[in-house]
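Report on one structure; see the data block that follows.
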Amino acid sequence: MKRFLYIIIMCALLCQLAGCATQSRQTVFAMDTVMDLQVWGADAETAVAQITELLHTNEDLWSATDPDSLLNTTDKTEALMLRALEMSERTGGAFDPQLGAVMECWGFYSKEYRVPTESELADALARKKWDLGAVVKGNTGTLCADSLELLRVDRAILNLGGNIQTYGEKPGAEPWSIGIQNPDGGDYVGVVSVTGTASVVTSGDYQRYFEKDGVRYHHIIDPKTGMPARSGLRSVTVISRDGFTADALSTALFVMGLEDAAAFWQNSNDFEAVFITEDGKVYATEGANLSGCEFEVIRREN
Ligand code: AMP
Ligand code: MG
C-alpha cells in the first residue's frame, strides 16, 4: 500500500516538473472583438470559463449601444465612470468618456460610416453621451487578473482584442514578450517585455477606421473638434500594472501627440509607453523594455 502511495506521489511530482499542469485556451467574441485566452494551472479550464463570463458581464454593463446597459441607465455614480472623469481631468481633456454621440454620428456604432458636418459634430460634442470604449477592455483585463489570483492559476496571457493582460510569472521568471503591431500590417515592429502581471495596451489609427475620398477616418477622436485625432502618431502602446490606466492613456496620449505625451510621461510614474509616428519612427520611454527595433529613448531628464 505504501509503495502504491509512493508511486502516485512520484507521478504527481514528475507531472508538475514536466509542466503537466493543464493549459486551457479559448477564443471568445466579446466587446465587438476577438479575444484569445490562455491559462496555465491545475484548474485552467474552470478559470477560462469564469474569465469568459466576466468578459461578457462587463460587455453588458458598459455597452454604449445597449440602451439598458448600466452605463446608459445610471447617473455617473458608478466607480468606473467617476474614475473616467478623473482621468479626463488628469489628461487635460484628451481622454473624454462622453464622446458617444460623436462616435454615433461618424457611424462607428452602426458601421454605416459617414463624414458628419461641423454643426453635427458641435451638437454631438455638446450632448456628452457616455462611451467607455477606451477603457472597458483594459479595466476588465485587471478584473480578470484579480479573478485569476483568486482562482490560484499559475499564469495566463489574455489578448483582449489587442489589449494584452498578463498574469503571473512564466517558468524561470522569463518575461512575457508582447509584439507591437506594425500600423501598416505585416511583421511586428518590436517586442515589449514585461514580468508578472501587467497590461500592455495599444491604440492605433489602423484598428478601427473607414476611408472616404482617400482620407482615413479612425476611431480615436480629438475631443476639441470631434474629428479623428491627427497628432502625427500612428500608434501608442502603454504598459502599466493597471489595465484602466494603460487603456485610458493609450487613447489619451494618441490624442496629445508625441511631444505632449512625452511631457505627460515625465510627470507621471504609473506607466511606460512606445510611440510610432506617421513617418515610421519609434520612440520609447526609458522603462518600456522595448527590443527588436531601432528607437529613440525618451528620458526623464534631457
Ligand atoms: P482605444 O481603442 O482604447 O484607443 O479607444 C477608442 C475608443 O474609445 C473609441 O472607439 C471610442 O469608443 C472611444 N474614444 C474615442 N476617442 C476617445 C477619447 N479621446 N477619449 C476617450 N474615449 C475615446
Ligand atoms: Mg484605450
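The values are calculated or read from the model by the stated rules, or taken from the named source; none is laboratory data. What you see is a predicted model, and the numbers here were worked out from it, not measured in a lab. Cβ: placed from backbone, ideal geometry, glycine included. Neighbour counts: every protein chain shown. Protein only, heavy atoms only, side chains kept; ligands, DNA and RNA dropped before computing areas. Shrake-Rupley method; radii C 1.70, N 1.55, O 1.52, S 1.80 Å.
Any idea how many residues of the stretch 241-290 are in a helix (DSSP H, G or I) and of a type in the set (A, V, I, L, M, F, W, C)?
Total meeting the criteria: 15.
Select from the stretch 220-240 the residues that are within 10 Å of ligand 1 (Cβ to nearest atom) and part of a loop (DSSP other than H, G, I, E, B) and write down the one among them that is most open to solvent (accessible area, probe 1.4 Å).
First pass over the stretch 220-240, keeping only residues within 10 Å of ligand 1 (Cβ to nearest atom): 220-224, 226, 228-229, 235-236, 238.
Add one more test, that the residue is part of a loop (DSSP other than H, G, I, E, B), and what stays is 220, 223-224, 226, 229.
Details: Ile220: 4, Pro223: 23, Lys224: 179, Gly226: 0, Ala229: 6 Å².
Of everything passing the filter in the stretch 220-240, Lys224 is most open to solvent (accessible area, probe 1.4 Å).
Among the residues of the stretch 241-260, write down those that are touching a helix residue (DSSP H, G or I) at 6+ places or on another chain (Cβ under 9 Å) and either at positive phi or more than 13 Å from ligand 1 (Cβ to nearest atom) (or both).
Those that are touching a helix residue (DSSP H, G or I) at 6+ places or on another chain (Cβ under 9 Å) and either at positive phi or more than 13 Å from ligand 1 (Cβ to nearest atom) (or both): Arg241, Asp242, Asp260.
For residues in the stretch 109-148 being open to solvent by 10 Å² or more (accessible area, probe 1.4 Å) and of a type in the set (A, V, I, L, M, F, W, C), which is farthest from Thr65 (Cα to Cα)?
Leu143
From the list Ala21, Ala47, which residue is within 33 Å of the chain's Cα centre (by Cα), surrounded by 15 or more Cβ atoms within 10 Å (Cβ to Cβ) and modelled with pLDDT of 90 or more? Even if it seems obvious, please write down each step before you answer.
On the way: Ala21 fails: modelled with pLDDT of 90 or more.
The conditions single out Ala47.
Is at least one residue of the stretch 119-136 over 21 Å from the mean Cα position of the chain (by Cα) and of a type in the set (Ser, Thr, Tyr)?
The answer is yes, given that some residue of the stretch 119-136 is over 21 Å from the mean Cα position of the chain (by Cα) and of a type in the set (Ser, Thr, Tyr).
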